[in-house]
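Comments concern the structure below.
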Amino acid sequence: MNGKITQEEMNDVAWKACDSFRKVLPSAVYKDYILAFLFLKYLSDLWKDKKESYEKEYKNDAVRVKRKLERESFVLPANSDFDFIFSNARWSVNIVI
């Protein structure tokens with residue numbers, strides 16, 4: 001496996017996410033949540049990549065990494081990334097990302 005996700009796999013995950021929201025939200029509003037969560041997932045992945053890059057560049061110097069991240073064009077506050085929200089969801093969802 002090359003580590004890249006296929007369009008079919010991405011579509012499958014998106015549909016599973018939609019299905020999980022359909023169970024708890026009116027159908028007229030669930031798309032708004034899906035789009036927001038897809039955007040949050042994108043930002044979270046981008047933030048995680050930046051952090052890993054800075055940790056490598058600054059040899060895990062936490063102070064320098066934190067300072068560099070604070071100067072990014074967007075800042076993702078602690079406990080607000082996709083992984084944190086997903087892991088603290090209060091409904092039962094069987095989605096594998």
Quiz item: Hey, among the residues in segment 80-92 that are within 18 Å of Leu40 (Cα to Cα), assigned to a loop (DSSP other than H, G, I, E, B) and of a type outside the set (D, E, K, R), which one's modelled with the lowest pLDDT?
Solution: Ala89
Quiz prompt | Within segment 18-77, considering residues that are touching a residue at least 12 places away in the same chain (Cβ under 8 Å) and not in a helix (DSSP H, G or I), the one surrounded by the most Cβ atoms within 10 Å (Cβ to Cβ) | solution = Leu76
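The values are calculated or read from the model by the stated rules, or taken from the named source; none is laboratory data. Nothing here was measured: the structure is a model prediction, and the numbers come from that model. FYI the Cβ positions are ideal-geometry reconstructions off the backbone, even for glycines, and counts take in every protein chain you see.
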